[in-house]
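The values are calculated or read from the model by the stated rules, or taken from the named source; none is laboratory data. Being a predicted model, the structure only gives us computed values, none of them experimental. Here the Cβ positions follow ideal geometry from the backbone for every residue, glycine too, while neighbour counts run over all protein chains shown. The area values use the complete protein model at the heavy-atom level, side chains included, leaving out ligands, DNA and RNA. Shrake-Rupley method; radii C 1.70, N 1.55, O 1.52, S 1.80 Å.
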Amino acid sequence: MAVGRPRAFDVDQALARALEVFWRKGYAATSLTDLTEAMDINKPSLYAAFGNKEALFRKAVDLYESERAPVAMAALAEPVARVAIERLLNVILESHTHPDNPPGCLVVQGALPSGAEDEPIARELQQRRAATQGAIRERLERAKAEGELAADTDPADLARYVFTVIEGLAAQARDGATREELRRLVALAMRAWPAA
């Protein structure tokens, strides 16, 4: 029985490099050449290890979320909802402005701009954003049930507001806003908190 040659590259390291390229350039603007150069592999190796560009992007987004989701979920687990949301926003802005990362958010900006051929990626990122917004809404529904929010507060609307702030933080970070500037935006956003 013939045995294939072992891979001459570290798959995890190559995926981390692909993630950075997608994060910096977005899905549509990233070429296979961009990826193979950053990953230090050839196209046949990319296809053999990861499938096509779309499959590689999905794996890169999975890696991105696996590194960030636990921190975000820990923030949402804070016992006081207002503290949870404020901590979540601050954790996110720190990730968006970390000097070791490209600025902004891959899940928010990854498919912009995209053409019709990129629609499956745009839809998937939209679903991932909706899942995050859903987790925020669930936390706010619990807060309302526990009497932390005004009786007329709609948890779905408040979750949409919080997520709009999250998307705005990503866009501002991408455009060069500093961590301190974004902290001030979070403080402003939290003034709208509908306490009971």
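Please work out if Pro79 is within 20 Å of Asp175 (Cβ to Cβ), part of a loop (DSSP other than H, G, I, E, B) and open to solvent by 50 Å² or more (accessible area, probe 1.4 Å).
Taking the combined requirement at face value, the residue does not satisfy it.
Just to be sure, is Gly168 surrounded by fewer than 17 Cβ atoms within 10 Å (Cβ to Cβ), in contact (Cβ under 8 Å) with a residue 12 or more places away in the chain, in a loop (DSSP other than H, G, I, E, B) and of a type outside the set (A, V, I, L, M)?
Here the answer is no, as Gly168 does not meet what is asked.
Would you check which residues across the range 175-196 are surrounded by 16 or more Cβ atoms within 10 Å (Cβ to Cβ) and over 12 Å from Leu89 (Cα atoms) and list them?
Matches in the range 175-196: Ala177, Trp193, Pro194.
Of Glu117, Glu54, Glu124, which residue is in a helix (DSSP H, G or I) and open to solvent by 80 Å² or more (accessible area, probe 1.4 Å)?
Answer to the check: Glu117.
Quick check on Ala159: is it in a helix (DSSP H, G or I) and over 19 Å from Arg191 (Cα atoms)?
no
Could you pull out the residue among Asp40, Asp62 that is over 26 Å from Gly115 (Cα atoms) and among the charged types (D, E, K, R)?
The unique qualifying residue is Asp40.
Tell me which residues, restricted to the range 82-114, are in a helix (DSSP H, G or I) and either under 13 Å from the mean Cα position of the chain (by Cα) or closer than 21 Å to Glu54 by Cβ (or both).
Leu88, Leu89, Val91, Ile92, Leu93, Glu94, Ser95, His96, Leu106, Val107, Val108, Gln109
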